[in-house]
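Student: Below is a structure I'd like to ask you about.
The values are calculated or read from the model by the stated rules, or taken from the named source; none is laboratory data. Predicted model only: the values in this text are computed from it and were never measured. Every residue, glycine as well, gets a Cβ built from its backbone with ideal geometry; the counts of neighbours run over all protein chains shown. Please note that ligands, DNA and RNA were not included when accessible areas were found on the heavy atoms of the full protein model with its side chains. Shrake-Rupley method; radii C 1.70, N 1.55, O 1.52, S 1.80 Å.
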Amino acid sequence: MGLSRVRAVFFDLDNTLIDTAGASRKGMLEVIKLLQSKYHYKEEAEIICNKVQVKLSKECFHPSKSCITDLRTSHWEEAIQETKGGAANRKLAEECYFLWKSTRLQHMTLAEDVKAMLTELRKEVRLLLLTNGEQQTQREKIKACACQSYFDAIVVGGEQKEEKPAPSIFYYSCDLLGVQPGDCVMVGDTLETDIQGGLNAGLKATVWINKNGMVPLKSSPRPHYIVSSVLELPALLQSIDCKVSVSA
């Protein structure tokens with residue numbers, strides 16, 4: 001890991017700094033209410049939303065073939081047709097998609113304690129937001145949670161040749177901040193992208209946010225550190241720097 005102190009921290013966005021999963025659930029609840037009250041779908045409303053959730057989890061987006069709005073509207077259109085039968089209803093699908101999306105974005109906020117933590121950390125180290133995902137979707141989230149001012153740089157995977165866990169996006173991030181991989185810590189909630197990517201790129205340390213006490217598979221990437229909340233990070237960084245001082 002080298003003997004240099006931590007000079008930069010890379011943060012994942014979704015479910016690390018903002019509760020994307022919770023915001024998405026709130027969006028789905030609004031769609032269920034709409035379908036039940038306006039269209040008199042009873043149990044079908046929940047089935048449709050569950051189907052969309054599955055489609056989102058398996059989503060493969062190719063910017064050259066479609067736009068994200070069309071793709072995600074199609075998820076709703078297919079889910080409605082699969083559940084209700086009959087002809088495709090693009091208009092209803094659009095209504096559901098835009099309600100889900102707007103509600104979701106409203107609930108994507110940086111908590112006050114997270115803002116305070118980022119503000120304090122930035123006095124000591126450089127901060128970079130490193131998020132995978134389609135360009136428009138991720139930029140909308142970044143705007144919605146108004147997090148730009150807390151970071152020295154923002155890197156969106158969908159705007160790069162490769163996303164996490166490819167080393168190239170980590171090296172690009174290092175270049176933006178003028179630091180070496182061995183100076184940096186990656187913080188995120190996903191073992192396969194955030195942690196594996198940090199390991200692939202040879203970062204000083206990887207920190208896995210494990211909010212629910214999940215037990216990873218034996219084959220999963222092994223983070224250097226595990227915390228249950230991103231708010232534990234400042235104390236952890238101090239201990240990493242203390243280890244460096246002792247080693248030195």
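Student: Does Arg7 satisfy being open to solvent by 60 Å² or more (accessible area, probe 1.4 Å), within 28 Å of Ser173 (Cβ to Cβ) and in contact (Cβ under 8 Å) with a residue 24 or more places away in the chain?
Tutor: Against the criterion (open to solvent by 60 Å² or more (accessible area, probe 1.4 Å), within 28 Å of Ser173 (Cβ to Cβ) and in contact (Cβ under 8 Å) with a residue 24 or more places away in the chain), Arg7 qualifies.
Student: To continue, here is another question. Taking helices (runs of 4 or more DSSP H) that do not extend beyond region 1-88, which have at least 1 residues that are of a type outside the set (S, T, N, Q) and under 30 Å from Pro223 (Cα atoms)?
Tutor: Those helices (runs of 4 or more DSSP H) span 20-37, 43-57.
Student: Still on this structure, I have one more. Given the conditions (1) over 23 Å from Gln160 (Cβ atoms); (2) surrounded by 11 or more Cβ atoms within 10 Å (Cβ to Cβ), report the number of the one that Glu43 does not fulfil.
Tutor: Tallying (1) over 23 Å from Gln160 (Cβ atoms); (2) surrounded by 11 or more Cβ atoms within 10 Å (Cβ to Cβ), Glu43 fails exactly one: (2).
Student: Quick test of your reading of the structure: Val207 fulfils all but one of (1) touching a Gly at 6+ places or on another chain (Cβ under 9 Å); (2) crowded, with 18+ Cβ neighbours inside 10 Å; (3) assigned to a helix (DSSP H, G or I); (4) of a type outside the set (Asp, Glu). Name the failing condition by number.
Tutor: In the conditions (1) touching a Gly at 6+ places or on another chain (Cβ under 9 Å); (2) crowded, with 18+ Cβ neighbours inside 10 Å; (3) assigned to a helix (DSSP H, G or I); (4) of a type outside the set (Asp, Glu), Val207 misses (3) alone.
Student: Looking for whichever is surrounded by fewer than 19 Cβ atoms within 10 Å (Cβ to Cβ) and either modelled with pLDDT of 95 or more or within 24 Å of Ile209 (Cβ to Cβ) (or both) here; the options are Glu82, Glu77. Which one fits?
Tutor: Of Glu82, Glu77, the one residue that is surrounded by fewer than 19 Cβ atoms within 10 Å (Cβ to Cβ) and either modelled with pLDDT of 95 or more or within 24 Å of Ile209 (Cβ to Cβ) (or both) is Glu82.
Student: While we're looking at this one, here's another question. Scan region 20-40 for residues that are open to solvent by less than 80 Å² (accessible area, probe 1.4 Å) and either aromatic (Phe, Trp, Tyr) or closer than 21 Å to Lys143 by Cβ (or both) and jot them down.
Tutor: Thr20, Ala21, Gly22, Ala23, Ser24, Gly27, Glu30, Tyr39
Student: OK, next. Return a yes/no flag: does region 110-124 have any residue that is in contact with a Lys or Arg (Cβ under 8 Å, 6 or more places away or on another chain) and among the hydrophobic types (A, V, I, L, M, F, W, C).
Tutor: No, every residue in region 110-124 fails to be in contact with a Lys or Arg (Cβ under 8 Å, 6 or more places away or on another chain) and among the hydrophobic types (A, V, I, L, M, F, W, C).
Student: Among the residues of region 46-90, count how many are among the aliphatic types (A, V, I, L, M), in contact (Cβ under 8 Å) with a residue 12 or more places away in the chain and within 30 Å of Glu162 (Cα to Cα).
Tutor: Qualifying residue count, region 46-90: 4.
Student: Related question: Can you tell me which residue in region 173-191 is farthest from Val9 (Cα to Cα), limited to those that are under 19 Å from the mean Cα position of the chain (by Cα) and assigned to a helix (DSSP H, G or I)?
Tutor: Within region 173-191, the match that is farthest from Val9 (Cα to Cα) is Leu191.
Student: Select from region 107-151 the residues that are acidic (Asp, Glu), in contact (Cβ under 8 Å) with a residue 60 or more places away in the chain and open to solvent by less than 60 Å² (accessible area, probe 1.4 Å) and list them in ascending order.
Tutor: Glu134
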